[in-house]
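Notes for the one structure printed next.
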Amino acid sequence: MTPVHLFIIIVSLPLLLGGCGEKHEGVNWKELDFRDSYSIAYLKDSPYTGKVFELFKNGQKRSQFNYKNGKKEGPGTTWHKNGQKAMEANYKDDKIEGLLLVWDKNGQKRSQFTYKDGRLVFTKWWNREGDLHYLSSNVE
C-alpha cells in the first residue's frame with residue numbers, strides 16, 4: 001500500500017463513519033434537567049439555549065423545539081411514529097404564539113389554533129374527509 005493510498009484511507013474513514021446514522025442537531029431532552037414545575041430546562045446548571053429533540057425508540061425524531069434561557073422560544077414540531085408531521089407551533093416565552101397546526105398520521109390537517117398573547121383566539125377543526133367541521137373565534 002502506497003503512502004498516498006494510506007493517506008486517503010485515513011482521511012476518508014472518519015468522514016464515512018461520521019455519516020453513518022442519523023445526526024440530530026441540539027441536545028436530547030433526556031440530557032436536560034427540568035425545574036420550577038417542569039417549566040425551565042437546564043443543562044449543566046444553566047438555563048439551556050438551543051435546539052432540543054426527542055426520539056422514538058426506533059431512533060426517528062419525535063419532537064424538536066427551540067429553547068432560549070430554559071424556555072420554549074420559536075418553532076416547535078412533533079411527528080407521528082410513521083414520520084408524518086403531527087404538530088407545529090411557534091412559542092414565545094414558553095407560550096404558544098400564532099398558529100398551532102395539527103395533522104393526523106396520514107398527513108391530513110385536522111385542526112388549527114391561533115394564539116395571541118398566550119391566549120387562544122381562533123379555532124378550526126376538519127373532519128376525516130377534509131371538510132371544515134368546526135370554526136370558532138374569540139375563544140376564551
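Classify the stretch 81-140 from the C-alpha gyration tensor, please: rounded if a/c falls under 1.5, else prolate or oblate depending on whether a/b exceeds b/c. Could you put the intermediate results ahead of the total?
Details: a/c = 4.26, a/b = 1.30, b/c = 3.29.
Oblate, since a/c reaches 1.5 and b/c is not below a/b.
Rg and Dmax, both from the Cα atoms of the stretch 24-137 and both in Å, are 15.5, 49. Which entries of Lys57/Lys85; Lys23/Lys109; Lys23/Lys105; Lys44/Lys95 show an alpha-carbon separation above 22 angstrom in the structure shown? Violating the 22 Å limit, Cα to Cα: Lys23/Lys109; Lys23/Lys105; Lys44/Lys95.
So for Lys72, Lys92, Lys30, fewest C-beta neighbours within 10 Å to most, what's the order? Could you put the intermediate results ahead of the total?
Details: Lys72 21, Lys92 16, Lys30 8.
Lowest to highest Cβ neighbour count: Lys30, Lys92, Lys72.
Available extension along the chain between Glu129 and Asp33 is 30.4 nm, counting 0.36 nm per residue and deducting the alpha carbon span.
A short reminder: the numbers here are calculations on the coordinates, not readings from a lab. What you are looking at is a predicted structure, and each value in this text was computed from that prediction instead of being measured. Counting neighbours? That spans all protein chains shown, and the Cβs are built from the backbone with ideal geometry, glycine included.
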